[in-house]
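The values are calculated or read from the model by the stated rules, or taken from the named source; none is laboratory data. Since the structure is predicted, the reported quantities are computational estimates derived from the model, not experimental observations. Ideal geometry is used to build each Cβ from the backbone, glycine not excepted, and the neighbour counts take in all protein chains shown.
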Amino acid sequence: MTERALYDVVFYAWMGVAAATFLLLLFVSAPYGRHARRGWGPGIGATAAWIVMEAPAALAMLVFFLLGDRRTAAVPLVFLALWEIHYVHRTLIFPFRRRNGTPRTPLLIVLFGVLFNGVNGYLQGRWLFALAPHPGTAWLVDPRFLLGIALFVAGMAINVHSDEVLRRLRRPGEQGYKIPQAGLHRWVASPNYLGEVIEWTGWAVLTWSLGGLAFVLWTAANLVPRALSHRRWYRATFPDYPAERKAIVPFVL
């Protein structure tokens, strides 16, 4: 079996797992953060959990870039830079700026995160830096690349700003949850998740790749059910939570 054939097998199997994950998460909320509960085994500190889960994505992409034959080409360098901007933030900045609502994360969730980022890193990095047709610099002015960049930047900005709104709800050392009232939180329960879906939609467009498609579908499969769970949790926890707020897409869902 050639590596390209193996890549296709991994891609379609991964899509099947994404569909099953989406259906499961519609009924079972992953037990971390505000949905943490007993019965899911031992846990580790939430900050360490974020680092362990997110680091494989940053490292895998860098390794596949270095193993590939496109280390001096402009377009692959841009792909790598965009990826690392996101994942360096998620691995080395975001975890240390959190003001923990729940101090521990089940080890099972951490292992799932490591598995996801490992497989996803392979699907992105191996395709972009070895298996895909070699992109020329003309791709940097292609409408798909320009649209994708715009979506990527907008999505990341929404994600980072929405996380910052949540962070500012707590004083240092304070735990517990409050109703956020700023930014896109005024319209949806989880604008940070909306930002991630937009960001990785942009990635799928700007890379125009099967790996990018897999990532955005996985992002939606994971985050849409969680956003729905967040909205149910807010409404059950706070009697004054605005009933008109949607879960993740303003005025729609």
Which numbered condition Ala227 fails, given (1) aliphatic (A, V, I, L, M); (2) in contact (Cβ under 8 Å) with a residue 12 or more places away in the chain; (3) in a loop (DSSP other than H, G, I, E, B): (3)
Filter result for the condition that a residue is among the charged types (D, E, K, R) and touching a residue at least 24 places away in the same chain (Cβ under 8 Å), over Arg168, Arg126: Arg126
Report, ordered by the first and then the second residue, all pairs with beta carbons closer than 6 Å, sequence separation of six or more or different chains, a first member in region 198-218 that is within 10 Å of Ile149 (Cα to Cα) and surrounded by 21 or more Cβ atoms within 10 Å (Cβ to Cβ), and a second member that is among the charged types (D, E, K, R) and at pLDDT 95 or above. Val205/Arg144
If we keep just the residues of region 192-210 that are over 11 Å from the mean Cα position of the chain (by Cα), at pLDDT 95 or above and not polar (S, T, N, Q), which is nearest to Val249 (Cα to Cα)? Gly202
Answer residue from region 160-183, given it is of a type in the set (S, T, N, Q) and within 23 Å of Arg90 (Cβ to Cβ) and is surrounded by the fewest Cβ atoms within 10 Å (Cβ to Cβ) among those: Gln175
Take the residues of region 31-53 that are out of contact with any strand residue (DSSP E or B) (no Cβ under 9 Å at 6 or more places or on another chain), surrounded by 12 or more Cβ atoms within 10 Å (Cβ to Cβ) and at pLDDT below 90: which is nearest to Leu115 (Cα to Cα)? Thr47
Between residues in region 16-29 that are among the hydroxyl-bearing types (Ser, Thr, Tyr) and residues that are in a helix (DSSP H, G or I) and surrounded by fewer than 16 Cβ atoms within 10 Å (Cβ to Cβ), which pairs lie under 9 Å by C-beta distance while being six or more apart or on different chains? Ser29/His35; Ser29/Arg232
As an exercise: evaluate Ala60 against (1) outside any loop (DSSP other than H, G, I, E, B); (2) of a type in the set (A, V, I, L, M, F, W, C); (3) surrounded by 15 or more Cβ atoms within 10 Å (Cβ to Cβ); (4) more than 20 Å from the chain's Cα centre (by Cα) and give the number of the one condition it does not meet. (4)
